[in-house]
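A short worksheet on the structure shown next.
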Amino acid sequence: MDKLVISQKNFSVMDVQTDMGIANELTDFFSFFVPGYKYMPAFRNKVWDGKIRLFNSQSQELPVGLFSYLEEFCGPRGYQIELEHNNYYGVPGATVDVDPQELSDFINGMNLSTKGTRINPRGYQIEAICEGLHRKRAILLSPTGSGKSLIIYVLMRYLLEKMDKKALIIVPTTSLVQQMYSDFEDYALLDDWDVEENCHRIYSGKEKNVGKR
């Protein structure tokens, strides 16, 4: 049986060791045309075929977030996946068991609030939090006004307090840095968790290296 030997090189990339034939199949499977490629100079000058290739056939690397798609690729073809454990990064696709009752108790103990009024996360927010913790790596889609900052706040608190991890939250604009920080202050208003003591804002003029997690 043909197989692929998978190991995680870092938090972003996994190494896929296999024969050249399967590597070529992977290249095709993880390729797509860029929207509007026919009008781009590189395509019109015939120096590019308009495709983005996510699998690097030379280094045999693939973004680790695509592991589930790699499983979809292997299943119908009868290819075997062999995972090699990395002592630091673990294995691609690893999950964490989350006790729903423990998570519920943790959230209830946070005394979440907005504008001084006690609140409880909605069902879809709790589901997103649970899914994010379980998968360790996920894209959580949520519409405008659905309380994304509350989801982020609970995830951050859980990582800091229950898993003893560090957290880095990246937002697209500097104004959102302050907005997110203000949201956290609002959520923690009725709690004894000190946002100033635990969170550091990084943007122009701010020190990047601090002792906060």
*Single condition ILE152 does not satisfy, out of (1) surrounded by 14 or more Cβ atoms within 10 Å (Cβ to Cβ); (2) over 21 Å from the mean Cα position of the chain (by Cα); (3) among the hydrophobic types (A, V, I, L, M, F, W, C)*: (2)
*Could you name every one of the helices (runs of 4 or more DSSP H) located completely within the stretch 1-84 that has at least 1 residues being in contact with a helix residue (DSSP H, G or I) (Cβ under 7 Å, 6 or more places away or on another chain) and farther than 23 Å from ILE139 by Cβ?*
41-44
*Filtering the stretch 87-104 down to residues that are among the acidic types (Asp, Glu) and not in a helix (DSSP H, G or I), which residue is farthest from SER12 (Cα to Cα)?*
ASP99
*Which numbered condition LYS162 misses (of (1) assigned by TED's automatic domain parsing to the domain that holds THR114; (2) without any contact (Cβ under 8 Å) to a residue 24 or more places away in the chain; (3) among the charged types (D, E, K, R))*: (2)
_Members of the stretch 17-57 found to be within 28 Å of the chain's Cα centre (by Cα), of a type in the set (D, E, K, R) and over 23 Å from PRO92 (Cα atoms), listed by number_ = LYS51
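Among the listed residues VAL91, VAL98, which satisfies the condition of being in contact with a helix residue (DSSP H, G or I) (Cβ under 8 Å, 6 or more places away or on another chain) and among the aliphatic types (A, V, I, L, M)? Can you show your working first?
Details: VAL91 fails: in contact with a helix residue (DSSP H, G or I) (Cβ under 8 Å, 6 or more places away or on another chain).
Result of the check over VAL91, VAL98: VAL98.
The values are calculated or read from the model by the stated rules, or taken from the named source; none is laboratory data. What you are looking at is a predicted structure, and each value in this text was computed from that prediction instead of being measured. Using ideal geometry, Cβ is built from the backbone for each residue, glycine included, and neighbour counts are taken over all protein chains shown.
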